[in-house]
1. Every residue in region 45-70 that is free of Cβ contacts under 8 Å to residues at least 40 places away in the same chain and of a type in the set (Asp, Glu), please.
2. Inside region 21-72, can you point out the residues that are of a type in the set (Asp, Glu) and closer than 23 Å to Glu234 by Cβ?
3. Residue under question is Pro217, and the condition is that it be open to solvent by 20 Å² or more (accessible area, probe 1.4 Å) and either touching a helix residue (DSSP H, G or I) at 6+ places or on another chain (Cβ under 9 Å) or of a type in the set (Ser, Thr, Tyr) (or both); does it hold?
4. Considering only region 71-99, state which residues are in contact (Cβ under 8 Å) with a residue 60 or more places away in the chain, over 15 Å from Ala13 (Cβ atoms) and either of a type in the set (Phe, Trp, Tyr) or open to solvent by 20 Å² or more (accessible area, probe 1.4 Å) (or both).
5. Inside region 173-199, can you point out the residues that are open to solvent by less than 40 Å² (accessible area, probe 1.4 Å) and not in a strand (DSSP E or B)?
6. Based on this model, can you work out whether Lys38 counts as at pLDDT below 90 and either part of a loop (DSSP other than H, G, I, E, B) or not hydrophobic (A, V, I, L, M, F, W, C) (or both)?
7. Does region 82-108 hold any residues that are within 14 Å of the chain's Cα centre (by Cα) and among the hydrophobic types (A, V, I, L, M, F, W, C), and which are they?
8. Just to be sure before I move on: is Arg15 outside any loop (DSSP other than H, G, I, E, B), charged (D, E, K, R) and over 18 Å from the mean Cα position of the chain (by Cα) in the structure I sent?
Amino acid sequence: MSGTIHAKSAGPAYRLQGPTPHLLNLLCQLGEGTLVLKQQGLSLAKTCSFGLCVADGRGGWNLLRDAISGLESDLQQAHHVYLLPDPDDFVPLLATARPGGEIDLSIRLEHQRWDSRLMRSIIEGFRGIPIEAREGRRLHAGAWLDDWHHTSPASTGIPWEILSALDACRCLEVEVCSGLHRATAAFRPAFLDSEGAVLRIADSQRKNVVFADAAAPGFRWMSLAPGHLKIRAEILPLADQIALPAA
C-alpha cells in the first residue's frame, strides 16, 4: 500500500487570497476529491464529495462544518491557502498551512484539470500569488502519509491487544485534528499492514486509508462496542513534540 500523498513538488503553484469560506464552498461544485488530513502520528486519506461549509455558532462562528465530507475548519486561526498541481499527473491540489508551517490539509480535485478555464478563474478570482519551488519544498507538499516530524523507533512493536481488536473490527472510526482542521471517517477495515509501530489500514476500495503511529504518546484507541473501534491522536504541546526522539 502506497503511503504517498504525491511524490514530489514541481510545476506552478499559487498562494490564494480572499475569503477562505468562499473557496471552501467551491468544493461542492468541483466533484469528488481525495481529502488528506495529517497530524503528528496520524493521517487520513478519504475519497469523498463535498457540501457547503456552514457556521452554526457551536464552537464560534468561525468554525465551519461540511456535513457531507465531515470536514471542520477553524478559520479564526491564521492560515494560508494554496493551489498547486500534483507533480505526477498535474491534477490540482487545494491545500492549507499555517504561516511558516507545512501543509496539514490537501484536497486532490480528481475531476479537474490544472490547465482548465475553471482553475484559471480560481487563480484569478482569488488573486493567486505564484510561489517559488523552494517555498513548495518548505511546505512539505510531497510528504508521505507516515512522513511525520517524529516516528517511533522501528524496533517498537504494536501491542497485541490493538492488533487483536483491529482483526475483529467491523467498524473503525478515525478522528484526525490538525488544530486548523478536523476530519472523521468510519469504515470497515479490509487491509491491515504494519511496519514497526506504524499501522496502515484501508477499506476494500481504498476510499479510506489511515496511517497511525500506535506507539506515539498521543495515540489513543477505544472500544465503543463489540467490533466497533475508534482511534485518534491527542495534540501534544509543542514542547512535548520537540522532545520526542526521532526514528
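1. Asp56
2. Here is the first cut: in region 21-72, the ones of a type in the set (Asp, Glu) are 32, 56, 66, 72.
If the condition is that a residue be of a type in the set (Asp, Glu) and closer than 23 Å to Glu234 by Cβ, then Glu72 is the only one that fits.
3. Values: open to solvent by 20 Å² or more (accessible area, probe 1.4 Å): yes; either touching a helix residue (DSSP H, G or I) at 6+ places or on another chain (Cβ under 9 Å) or of a type in the set (Ser, Thr, Tyr) (or both): yes.
Yes.
4. Within region 71-99, the first condition is being in contact (Cβ under 8 Å) with a residue 60 or more places away in the chain, and the residues that meet it are 71-74, 77, 79-88, 90, 93-94, 96, 98.
Filter once more, keeping what is over 15 Å from Ala13 (Cβ atoms): 71-74, 77, 79, 98.
Scanning region 71-99 gives Glu72, Asp74, Gln77, His79, Arg98.
5. Answer for region 173-199, where residues must be open to solvent by less than 40 Å² (accessible area, probe 1.4 Å) and not in a strand (DSSP E or B): Ser178, Gly179, Leu180, Pro189, Gly196, Ala197.
6. On the way: at pLDDT below 90: no; either part of a loop (DSSP other than H, G, I, E, B) or not hydrophobic (A, V, I, L, M, F, W, C) (or both): yes.
Considered against the rule, which asks whether it is at pLDDT below 90 and either part of a loop (DSSP other than H, G, I, E, B) or not hydrophobic (A, V, I, L, M, F, W, C) (or both), Lys38 comes out as no.
7. If the condition is that a residue be within 14 Å of the chain's Cα centre (by Cα) and among the hydrophobic types (A, V, I, L, M, F, W, C), then Leu93, Leu94, Ala95, Ala97, Ile103, Leu105, Ile107 are the ones that fit.
8. Values: outside any loop (DSSP other than H, G, I, E, B): yes; charged (D, E, K, R): yes; over 18 Å from the mean Cα position of the chain (by Cα): yes.
Yes.
The values are calculated or read from the model by the stated rules, or taken from the named source; none is laboratory data. Remember, predicted model here, so these are calculated numbers, not experimental data. No Cβ is skipped: glycine too gets one built from the backbone with ideal geometry, and neighbour counts run over all protein chains shown. To get the accessible areas, we keep the full protein, side chains included, count just its heavy atoms, and leave off ligands, DNA and RNA. Shrake-Rupley method; radii C 1.70, N 1.55, O 1.52, S 1.80 Å.
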